[in-house]
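The values are calculated or read from the model by the stated rules, or taken from the named source; none is laboratory data. These numbers were taken from a predicted model, which means no experiment stands behind them. Neighbour counts run over all protein chains shown; Cβ positions are idealised from the backbone, glycine included. Heavy atoms of the whole protein, side chains included, go into the accessibility calculation; ligands, DNA and RNA do not. Shrake-Rupley method; radii C 1.70, N 1.55, O 1.52, S 1.80 Å.
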Amino acid sequence: MNTTETKSSFQDKLDQDLCIEPKDTMPDEYRKHLIRQISQHAHSEVIGMQPEGNWITRAPSLRAKQILLAKIQDEGGHGLYLYSTAETLGISREEMIEQLHTGKAKYSNIFNYPALTWADIGAIGWLVDGAAIVNQVSLQKTSYGPYARAMVRICKEESFHQRQGYEIMTNMMKGTKEQQEMAQDAMNRWWWPSLMMFGPHDSDSPHSGNAFVWKIKRKSNDELRQRFIDKTVQQAETIGLTIPDSDLKWNETKNCYDHGEINWEEFRRVVNGNGPCNKQRMTHHIKVHNEGAWVREAAAAYAKANAK
Ligand code: BYC
């Protein structure tokens, strides 16, 4: 099939708001754009297990431990759906992991910060999963069928995660003065990195142009960030937490909150490998990946034997 033909049938589907499916013809740039985004999304889910995993043995009750374990297991599952989704575009799992280990593929900025106290587990569930839901609800309408469908299931699970985090924060705010201070401290440290999760401002987002043309993105980085701020401010106020932004103010005309400027210098530093935990996260991933080689070999041998 020639390139013009490929582009027009692809464009017809986009114009009719139909999903592009793995066996459809698609421009190479679209395929590459999706592989980049989906593999980075998968890496984020898997690396995101590390800060929370750090608290499994120290959860304050058996109930809290069970819920946290289930949440972390869900994140691993999300990573698997997303790696499988990216594989439908013609990249192997091994290549994606190699790109992660060599720094060619990114993962979300947010997982390069440490989880210092139990309140951080609350802040991660409430703010980080809360931000992820806002982004992923919009991606349920993305143009690539397998990615859109993966988002539907992931969003259902993420909403439990968001509630798990909010419950932790609510309970801490009903507790002692020390517990309240711990919750506020976690809020102070996780708020700004959570806003960075939505990516650079629209005017500085190099991939947004094509992402809109190809209907990969349905809402812009800034629109989604604003949506997250507007819904989270109320939740914070309800339990007595203060958003650490002195410029945060309701804007009657725009019908949304105005907010202070994000520290983009910090964002770039963290995304480029120099955040507080980047080295720790990658060293751990490489170590367990190497230790798991025998499991992958055994699984491949089993699959081969059963295919005969
Ligand atoms: N962190 O042109 P832009 C979770 C990069 S995990 C790091 O706006 P795009 C969870 C971007 O990749 C949820 N890098 O890009 C798990 C690009 O660099 P490259 C994770 C970022 O793709 C466990 C450059 O900046 N969610 O829920 O149009 C526990 C320019 O950006 C970030 C997803 O991955 C960032 N935050 O838009 C708890 C959602 N932002 O690739 C929770 C799927 C930007 O040229 N991804 N960059 O080297 C997306 O929706 C989009 O990729 C983004 C960025 C909105 C993130």
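Residue-by-condition table, conditions (1) touching a Lys or Arg at 6+ places or on another chain (Cβ under 7 Å); (2) open to solvent by less than 20 Å² (accessible area, probe 1.4 Å); (3) of a type in the set (D, E, K, R); (4) not in a helix (DSSP H, G or I):
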residue	(1), (2), (3), (4)
P114	no, no, no, yes
N135	no, no, no, no
S138	yes, yes, no, no
Y147	no, yes, no, no
M151	no, yes, no, no
C155	no, yes, no, no
S159	no, no, no, no
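Conditions (1) more than 21 Å from L116 (Cβ to Cβ); (2) not aromatic (F, W, Y), marked per residue:
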site	(1), (2)
T176	no, yes
G199	yes, yes
W214	yes, no
S246	yes, yes
N263	no, yes
F267	no, no
N278	no, yes
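Kindly establish whether E52 is within 11 Å of the ligand (Cβ to nearest atom) and open to solvent by less than 10 Å² (accessible area, probe 1.4 Å).
On the way: within 11 Å of the ligand (Cβ to nearest atom): yes; open to solvent by less than 10 Å² (accessible area, probe 1.4 Å): yes.
In short, yes.
Just one of the numbered conditions (1) more than 14 Å from the ligand (Cβ to nearest atom); (2) open to solvent by less than 20 Å² (accessible area, probe 1.4 Å) is not true of S208: (1).
In region 197-221, the residues that are among the acidic types (D, E) and in a helix (DSSP H, G or I) form Cβ pairs under 7 Å with partners that are open to solvent by 40 Å² or more (accessible area, probe 1.4 Å) and at pLDDT 95 or above, at six or more places apart or across chains, as follows: D202/D222.
For M26, indicate whether it is more than 11 Å from the ligand (Cβ to nearest atom), farther than 29 Å from N290 by Cα and among the aliphatic types (A, V, I, L, M).
Values: more than 11 Å from the ligand (Cβ to nearest atom): yes; farther than 29 Å from N290 by Cα: yes; among the aliphatic types (A, V, I, L, M): yes.
So M26 passes the test.
Residues that are assigned to a helix (DSSP H, G or I) and polar (S, T, N, Q) do not occur anywhere in region 24-32. Within region 228-243, can you find the residues that are of a type outside the set (A, V, I, L, M, F, W, C) and either out of contact with any helix residue (DSSP H, G or I) (no Cβ under 9 Å at 6 or more places or on another chain) or over 15 Å from Q184 (Cβ atoms) (or both)? Those that are of a type outside the set (A, V, I, L, M, F, W, C) and either out of contact with any helix residue (DSSP H, G or I) (no Cβ under 9 Å at 6 or more places or on another chain) or over 15 Å from Q184 (Cβ atoms) (or both): D230, K231, Q234, E237.
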